[in-house]
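Please read the structure below before turning to the comments.
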Amino acid sequence: MNGVRVIRRWRDLPAADRGAAVAFGNFDGVHRGHQQVINDAKRAAETLGAPLGVISFDPHPRRIYQPDAPSFRLMKAEQQARVLAEMGVERLYLLPFDVQIGDMTDREFATKVLSAGLGVRHVAVGFDITFGKGRTGSPELMAEYGAELGFSVSAAEAVGDDGEKYSSTAVRAALREGRTDIAADILGRPFAIQGEVQRGRQLGRKFGYPTANVALDDYVRPRFGVYATRTRLPDGRWQAGVANLGVNPTVGEVAPVLETWLFDFDEDLYGQILETQLIAFLRPEEKFADVEIMNRQVMADAARAREILKVG
């Protein structure tokens, strides 16, 4: 997956998959705070001559413990792997968060998973890490277990702007308000939704602005409305566009969807995977009196998006 070896288990690993210097955490979004932890692991990997790894969980523990909570994910595993690869990460230990791991004490997790299972040589954590049943583990306890079990430990300090630490929670809050600029500042890149292009009712094509429709799935719900966008095509090209994110009340959509009109583009994308960055929020989603009024507004939105994205 994208240059990173993805390993989805911790038991009975071959020697070649053990012995990494790892960053440990959920890393949803791989924001700038996460990046500091990963950079700490990278320095340790270089010093030790060890591979650089990241340990995360799939599904996210929150999905297990709060199954009825609103959708909250900031990225899919494929996006996470791509961002980590760009940071030089060689291995992504995407461990299944199940009852067995969930019931481990912090000591059992360090002993069974980190030491015996993965054979880690260094563990980098954030200043506020918790782990183990009841979230009783801490950076201090991780350092104690490392001293006992034979791996070194580093804990990154809080980083952020204006006294506020970078966090995935802050990214979600910004997106729910339509503040893509704040989300991008914390993430270090624009927030992006990835998914397979679905076949809709093709109304946009009928009106002269064909859209690539992607379901929101388990992503956090950004503010419904219209956005200036950039979309990564399957071949790696980036295409400017404008998108409506929401339920499209004028024509009766129900399930939330991202409908993106790619400017100056006319290729078949059905069934392909796109990743669309939300660059700027233009206006809230609204229900128009008729389709003609909606179409005029779409054209106005497109003109504004072109101006923001600096495309002709």
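Assign unit charges at the C-beta atoms only (+1 for Lys and Arg, -1 for Asp and Glu), then state the dipole size of segment 190-309 relative to its Cα centre in Debye, rounded to the nearest 20.
Here segment 190-309 has a charge dipole of around 240 debye.
So which GluC sites (Glu not before Pro) in segment 136-195 pass both tests, a DSSP loop state and at most 11 other Cβ atoms within 10 Å of the Cβ?
On the way: sites: E140, E144, E148, E157, E164, E177; in loops: E157, E177.
Here the GluC sites (Glu not before Pro) that fit, given the DSSP loop and packing criteria, are E157.
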I'd like the orientation of helix 291-309 relative to the chain: the angle between its Cα long axis and the longest Cα principal axis, in ° from 0 to 90, rounded to 10.
50
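Under a Cβ-only charge scheme (Lys and Arg +1, Asp and Glu -1), can you give me the dipole magnitude of the chain about the Cα centre, in debye to the nearest 20? Write down the numbers at each step before the final one.
On the way: 39 positive and 42 negative charges, 58 e Å.
With Lys and Arg at +1 and Asp and Glu at -1, about 280 debye.
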Spin-label model distance (nm) - T136 vs E108, 7 Å beyond Cα toward Cβ
1.1
Principal axis lengths of the chain from Cα atoms, whole Å, largest first?
70, 37, 34
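Work out, step by step, the length gained on full extension between E86 and Q297: first 0.36 nm times the residue separation, then minus their alpha carbon distance; give nm to one decimal. All intermediate terms of the calculation are to be shown ahead of the outcome.
Details: separation 211, 0.36 × 211 = 75.96 nm, distance 3.86 nm.
Working it through step by step, the gained length comes to 72.1 nm.
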Taking 0.36 nm per residue of separation and subtracting the Cα-Cα distance, what length does fully extending K287 through Q272 add?
2.4 nm
Cross-link pairs beyond the 28 Å C-alpha cut-off, checked among K42/K310; K76/K165; K42/K165; K112/K165
K42/K310; K112/K165
Report, in degrees rounded to the nearest 10, the 0 to 90 angle that the Cα long axis of helix 139-149 makes with the longest principal axis of the chain.
50
State the extension gain, in nm to one decimal, for the chain segment bounded by A147 and D58, taking 0.36 nm per residue of separation less the distance between their alpha-carbons.
29.2 nm
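Based solely on its DSSP helices, what 222 nm [θ] is calculated for the chain when runs of n ≥ 4 H residues each add -39,500 (n - 2.57) and the sum is averaged over all residues, nearest 500 deg cm²/dmol?
Details: 9 runs with 88 residues, N = 312.
After summing the helix terms and dividing by the residues of the chain, the value is -8000 deg cm²/dmol.
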By how many degrees, 0 to 90 and rounded to 10, does the Cα axis of helix 32-48 deviate from the longest principal axis of the chain?
40
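Could you sort 211-220, 92-101, 107-116, 19-28 so that the peptide with the highest average Cβ count within 10 Å comes first and the rest follow in order? Mind showing how you got there, number by number?
Working: 211-220: 20.5, 92-101: 17.0, 107-116: 18.7, 19-28: 24.5.
For the peptides 211-220, 92-101, 107-116, 19-28, the packing ranking is 19-28, 211-220, 107-116, 92-101.
Read the figures in this text as sums done on the coordinates, not as results from a lab. Quantities reported herein were computed from a predicted structural model and do not represent experimental measurements. Here the Cβ is made from the backbone with ideal geometry for all residues, glycine too, and neighbour counts use every protein chain on show.
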